[in-house]
Amino acid sequence: MAKPYLKYELKSGVYKWVYYDDDNLAGLALDDLAAHASDHYPGGADELLLDEDNMATDSKDKGASQQSVKKYVDDRVNTLLANLSPAGAEIPSSNGAEKAQQTGMTNFEPYTLAYDKATDETAFWRFIVPPTYQGGNITINIHYKTTVNTNDVVFFAKYLAVAEGETYDGSLSGAETFTADTVPGTAGQKGVASKTISAWTLAVGDEVILFIGRDADNASDDADADILVTMVEVKEV
């Protein structure tokens, strides 16, 4: 007896999963599947569908439940809120990081933000909270490089979320200070400083003004060189 299978097709004016048996190509709507699947599968209809959120089985002959598909997609779409490049950064008129193109590199010449080793400097970006945001905590990953290979750098972040009808030039939040991040052991290699923030309140559609700074006068910031930020990633966790 051939193994039964499912096929997605138009049935009575509606697209639905249809059960087929190669020995008797009589299409049965999935609603009727339970009464027939036990003839071929000891586990019944459940053996034809996997309720598996991470799709780890990677089956080629079993369908996924609607719940599993939604959870799998949500886990991969909802996490990213913004990728922020130095080229798109806005620089404050006072104590702003230096935005410059890295000319002279061999393969490409990206923009970076240079944060001074002695003075607290900032830059900021603006982005809209996407409709996939579900109200979770925020993780900020700061990608950077530098010319030294020892000691630590300390970053901080501030924000303002502006909804429709709210004052655009409102006060920023207090600083969220990152744990000191040890620079890579080889000069020029990429480092990533990360912090998860639970105190910030965002809503879908808010315009977020995100400030990223270097806390150069922090006792734990002792990297003796400018820090060149190459990218900032904002995620929901």
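Bear in mind that the values in this text are calculations on the coordinates, not laboratory data. On a predicted model such as this, the values are computed, not experimentally measured, just so you know. Positions of Cβ are generated from backbone atoms using ideal geometry, with glycine treated the same way; all protein chains shown enter the neighbour counts.
The range 139-161 and the range 106-124 have their alpha-carbon centroids 11 Å apart. Overall shape of the range 81-236 was characterised from the C-alpha gyration tensor. The equivalent ellipsoid obtained from it has semi-axes of 27, 16, 15 Å, in decreasing order. Sorting the segments 133-145, 181-193 by their mean number of nearby beta carbons within 10 angstrom, highest to lowest, gives 133-145, 181-193. The protection proxy used here, the mean number of other Cβ atoms lying within 10 Å of each residue, ranks peptides 102-114, 150-162 as follows, highest first: 150-162, 102-114. When you restrict to C-alpha pairs under 8 Å that are six or more residues apart and normalise by the size of the range 130-237, the relative contact order lands at 49 percent.
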